[in-house]
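Shown below is the structure under consideration.
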Amino acid sequence: MGSEQGRQASVRDRAEALGLGEERGSYAVAGLWGALAQLARRFLAGVFVALLVCRVVLSSGFQKGVITTGAVMLSLFGLTLAWRGLSARFRLRRCYLYTRGLVVTSTFGRVRHVVAWTEMTELKWMSNLTLLLAFHRFEIERRGAGRVAFLALGIKPQLVDVLQTQAGAHGVR
């Protein structure tokens, strides 16, 4: 059994053992390091765009600098796409929604938190939508257990609407 199948089976087994019901969807989430990586990537892209504009406008012999700056920007963009593809394929850092709860996995695809809708008391939601950072932070309060917090990166990720709808349907405020 491959590691991807093993992780997927582990999440499914854990959800079945706790009686969370059928899977409603799987969504990408992040932690603090994911938000910081987004911030760094966007800042570097802005710096390289400004540098590229300066090289084109201010310099007459700019070919070598423009090519180098463009190559760095393309590699930064390529690394971002590669990470998105790999993390989606290997199901790293995901939030699985089920009919009776949710499962959040870690960076390496291991089950980190399992929360049933019946043990949730409150779903707190905060958004930060700026030029350098765009994320939605969810914090789940539970009866008799610690908080569960995770980020959904992007301006309008699908997880926002789905999680709020599911929580509202189960009486979580």
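The values are calculated or read from the model by the stated rules, or taken from the named source; none is laboratory data. Treat the numbers as computed from the prediction; the structure is a model and nothing was measured. In this analysis, Cβ positions are derived from the backbone assuming ideal geometry, glycine residues included, and neighbour counts consider all displayed protein chains. We work out accessible area using only protein heavy atoms, side chains counted, and drop any ligands, DNA or RNA first. Shrake-Rupley method; radii C 1.70, N 1.55, O 1.52, S 1.80 Å.
For the charge dipole of the chain, defined by +1 on Lys and Arg C-beta atoms and -1 on Asp and Glu C-beta atoms about the Cα centroid, which residue among Ser127, Val11, Gly171 has the Cα displaced farthest towards the positive pole?
So the residue furthest toward the plus end is Ser127.
Compute the Cα gyration tensor for segment 84-131, then decide on rounded, prolate or oblate, letting a ≥ b ≥ c be the square roots of its eigenvalues: rounded whenever a/c is under 1.5, prolate when a/b is larger than b/c in the other cases, and oblate in all that remain.
oblate
Another one. Please work out how much length the chain gains when fully extended from Ser59 to Phe108, using 0.36 nm per residue of separation minus the C-alpha to C-alpha distance, in nm with one decimal.
Full extension of this stretch gives 13.0 nm more.
Right, something else. At 1.4 Å probe size, put Cys54, Cys95 in order of accessible surface, largest to smallest.
Solvent-accessible surface, decreasing: Cys54, Cys95.
Could you point to the residue in Val56, Ala82, Leu39 farthest towards the positive end of segment 23-115's charge dipole, with +1 and -1 charges on the Cβ of Lys/Arg and Asp/Glu respectively?
Ala82
Could you give the size of the charge dipole of segment 24-157 about its Cα centre, using +1 on the Cβ of each K and R and -1 on the Cβ of each D and E, expressed in debye and rounded to the nearest 20?
Dipole size: approximately 320 debye.
Quick one: work out Rg over Rh on the C-alpha atoms of segment 51-173, Rh as Kirkwood radius.
1.18
If you don't mind, there's one more thing I want to ask. Can you give me the accessible area per residue for the chain, using a 1.4 Å probe, in Å²? The partial results should precede the final answer.
Values: 10360 Å² over 173 residues.
Heavy-atom SASA per residue in the chain reads 60 Å².
Placing +1 at every Lys and Arg Cβ and -1 at every Asp and Glu Cβ, with all other atoms neutral, what dipole size does segment 80-119 have around its Cα centre, in debye to the nearest 20? Each step should come with its number before you reach the end.
Values: 8 positive and 1 negative charges, 39 e Å.
Charge dipole of segment 80-119: 180 debye, to the nearest 20.
If I fit a long axis through the Cα atoms of helix 3-17 and take the longest principal axis of the Cα atoms of the chain, what angle between them do I get, 0 to 90°, rounded to 10?
Tilt of helix 3-17: around 30 degrees.
Where Lys and Arg each count +1 and Asp and Glu each count -1, what net charge lies around Leu81 among other residues with Cβ under 14 Å from its Cβ?
Combined, the nearby Lys, Arg, Asp and Glu give +3.
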